Amino acid sequence: MIWLNEAQHYLGARQGSGEHLAAALTTLLQDPARGPILILGTLWPDYADAYTALPRPDAEDSHPQVRALLNHRRLDVPDRFDAATLDKARTAAVNDDLLLQALERAPEGCVTQDLAGGPELVHRYNSLAPAARAVVTAAMDARRLGIGLHIPHGFLADAVEGYLTDVQYDLLPSNWFEQALADASQLVRGNLAALRRVRPRPSRRLGLAEAPTPDSVCPVYRLADYLEQHGRTTRRMQCPPESFWHAAWVHMDNHEDLGRLAEAALARYRLRWAFLLHQRSGCYRDLGEDCVSKFVVAQLTGAAAEAVATWAAEEGETWAMLHLARVSWRNNDLETAEVYARRAADADDPEGLYYLGHIREDAGDHEGANELICQAADHGHEQALLLLADAFHAEGDTVNEMDAVRDAAERGSLAGLGRFLTLLQEEGNEEQLTRVGWQVAVACGLPGMLCYAGVRRNADHTSAPEDIVHSTVGGPGSVTLTRIAEELYHRGDKTAAADFTLEAAAVGEAEAWGELVELRLKARDAAGAEKFARNAAAAGDTLSLLIVAEAHEEAGNPAAAEALAQEAAAVGDTDALLTLADFRMNAGDSAGAEALALQAGRLGNTEALLWVAEQREKSGDINGAEKYARQAADGGAFSNPGYSHVTYGEWLPAQVAAQWPYGLDPDGTPSTAWHLSR
């Protein structure tokens with residue numbers, strides 16, 4: 001087999017070398033004694049057309065041998081591939097990371113162009129003049145931090161300033177930005193450009209094309225997918241400059257984009273921009289149970305937290321109103337508490353009515369409190385419905401009690417579901433328990449289904465306990481066997497949990513192996529846990545190896561612990577490096593431990609950088625602690641799920657958090673008291 005990559009470099013070689021090579025290859029193909037043989041090459045269409053074109057009668061024939069070689073041997077690769085072909089490629093590329101990445105990136109099936117032009121795009125980006133490179137870098141940061149495919153011209157124009165040094169900025173000509181866009185838009189092979197302007201298509205109404213006027217369309221640009229991926233890798237530990245955040249605040253008008261940018265700012269501990277972008281978005285994307293602004297307030301203390309919450313309340317955020325109501329209530333300032341709770345209630349938040357009820361109760365207004373609790377229940381507040389059910393129960397009003405707990409259950413309350421099922425059982429209506437009880441249980445998700453199954457089993461019914469739940473697997477909003485096993489274990493049914501987990505592993509649910517590891521460790525079966533951990537690792541879950549490694553370490557088997565952690569590290573698990581760092585620290589090798597953690601940090605593991613910061617703080621090196629904590633913040637440490645529940649800067653070393661009371665500015669310096677200025 002002979003592989004001619006970029007065959008024009010061979011077939012088009014000067015001074016007749018290309019012709020001699022083509023003749024030799026043709027002779028080789030025609031010699032039966034030398035076969036079987038395959039000659040495979042890649043050739044751009046322009047070169048292929050030039051080599052195979054017949055010369056004019058009055059012109060010299062420059063490529064007769066190359067034309068003979070290519071005759072009837074040319075396979076044209078389409079500009080784009082259809083869905084069926086792409087599906088076949090994904091199946092064939094299961095062990096080809098380069099092709100898989102191209103399949104993910106390439107727009108509209110243009111895989112060949114991505115594979116051929118991608119590396120050239122990176123070369124082009126690295127060789128651009130400073131202004132053009134800065135524009136592309138700003139676009140890279142925009143995509144990796146949450147801005148959509150189409151990046152506004154105005155955003156790029158304002159954002160780019162912070163990516164240039166003072167000297168570079170001073171030397172720019174008057175038309176520098178448009179020239180930078182032109183440079184960044186130049187095509188490389190594959191008809192790819194680092195940045196290209198998106199041409200809006202005309203809308204079509206009643207069969208008539210209505211082209212947008214230039215004044216009505218804000219120019220937008222799209223970053224090459226290959227460079228987007230390159231930016232996610234090379235800039236993952238970089239926080240964009242101040243100009244980036246300000247440009248987003250001024251020019252972005254897509255609420256979802258602004259919401260994602262607010263989350264990205266929060267992840268980097270840029271609290272001011274997290275708060276401002278969240279307010280600007282008007283789109284309260286949830287982080288777990290809380291929004292960005294609420295997390296910002298959680299990082300502040302005392303007057304700063306109250307001032308920012310007041311700011312948020314004035315912007316109409318009901319969580320802030322409830323926060324201030326709760327703080328005032330705890331401080332026995334019932335008048336202020338009632339003002340904020342009333343504002344939340346007027347904003348159609350039933351939690352405000354619920355708070356008002358409790359505030360009026362503390363003020364001695366029992367009748368008013370009951371009325372407010374009833375209003376909250378009418379608006380579907382779970383706790384209010386349960387309190388209302390308690391009142392009906394005290395009055396012996398079973399019908400209304402059942403309605404209240406059913407309403408709570410249908411809104412996701414497991415407590416309400418349990419009471420509803422109990423009332424159905426007490427009625428002895430088997431048909432209602434079987435049909436209606438299951439319907440309400442489904443509204444509570446998997447925990448509700450298993451609650452129902454437990455009630456049926458406890459009542460000695462042989463029909464449909466977990467079998468009903470099992471039937472939901474693979475359906476719409478499917479419930480996995482592994483999740484069923486997890487819920488059963490939390491409910492205390494260890495035998496059923498183990499059965500479901502084994503079944504899940506048997507049908508190929510990769511996460512089931514990790515659950516089996518946990519179950520074996522709880523049963524003190526280290527050998528069984530290690531066996532299942534290796535199965536999990538083969539399915540791509542190296543975390544199970546680390547869990548068993550930590551169990552070995554706790555049991556006093558450091559050699560076995562380190563061997564398993566090394567296995568995980570060998571396949572690229574950076575958490576394994578951090579686990580090894582812990583082991584080395586336990587063995588008294590602090591220098592070796594820090595080296596491993598820093599290695600993980602260089603690979604993008606922000607948790608490892610926080611670990612180093614904590615160790616530095618313990619040793620009295622506060623400057624070192626701040627340095628590594630800042631690196632972790634730049635890399636988005638707060639987006640780590642392991643830290644998502646932490647408040648008041650507890651994810652940071654204590655003394656570092658004290659030096660960053662208002663977060664960080666984009667350049668990494670501690671912010672001033674930004675909450676004091678509007």
Highest first, please rank the peptides 262-273, 601-612 by the mean number of other Cβ atoms sitting within 10 Å of their residues. 262-273, 601-612
Contour excess over end-to-end distance, with Cα ends at ASN557 and ALA24 and 0.36 nm allotted per residue: 185.3 nm
Leaving out same-chain residues fewer than 8 places away, which lysines sit with a Cα under 24 Å from that of LYS618? LYS627
Rounded to whole Hz, the Karplus (6.51, -1.76, 1.60) HN-Hα couplings of the stretch 350-365, x for glycine and proline: x, 4, x, 4, 4, 4, 4, x, 5, 5, 5, 4, 5, 7, x, 9
Just the number, please: Stokes-Einstein D of the stretch 238-336 in µm²/s, Kirkwood Rh from C-alpha pairs, 25 °C, 0.890 mPa s. 176
Listed peptides 432-441, 371-380 by packing density, highest first (mean Cβ within 10 Å): 371-380, 432-441
Debye intensity ratio in log₁₀ form over the Cα atoms of the stretch 2-70, taken at each q of 0.13, 0.24 Å⁻¹: -0.37, -1.11
Pull out a ≥ b ≥ c, the square roots of the eigenvalues of the alpha-carbon gyration tensor of the stretch 214-271, then state rounded if a/c is under 1.5, prolate if not and a/b is larger than b/c, and oblate in the remaining case. oblate
Which lysines, if any, have their Cα less than 27 Å from the Cα of LYS531, not counting same-chain residues under 8 positions apart? LYS494, LYS522
Could you give the nm distance between label points at ASP390 and ASP49, where each point is 7 Å from its Cα heading toward the beta carbon? 8.1
Segment LEU334-MET1, extension gain: residue separation times 0.36 nm, minus the distance between their alpha carbons: 111.4 nm
For LYS294, the aspartates and glutamates lying under 12 Å Cα to Cα, once residues fewer than eight places off in the same chain are dropped, come out as GLU263, ASP286, GLU306, GLU317
Please compute the modelled spin-label separation between LYS522 and GLN186, points set 7 Å along Cα→Cβ, answer in nm with one decimal. 6.3
Which order do peptides 39-49, 356-366 fall in by mean Cβ count within 10 Å, highest first? 356-366, 39-49
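Coordinate-derived values only; no laboratory data. Computed from a predicted structure; not experimentally measured. FYI the Cβ positions are ideal-geometry reconstructions off the backbone, even for glycines, and counts take in every protein chain you see.
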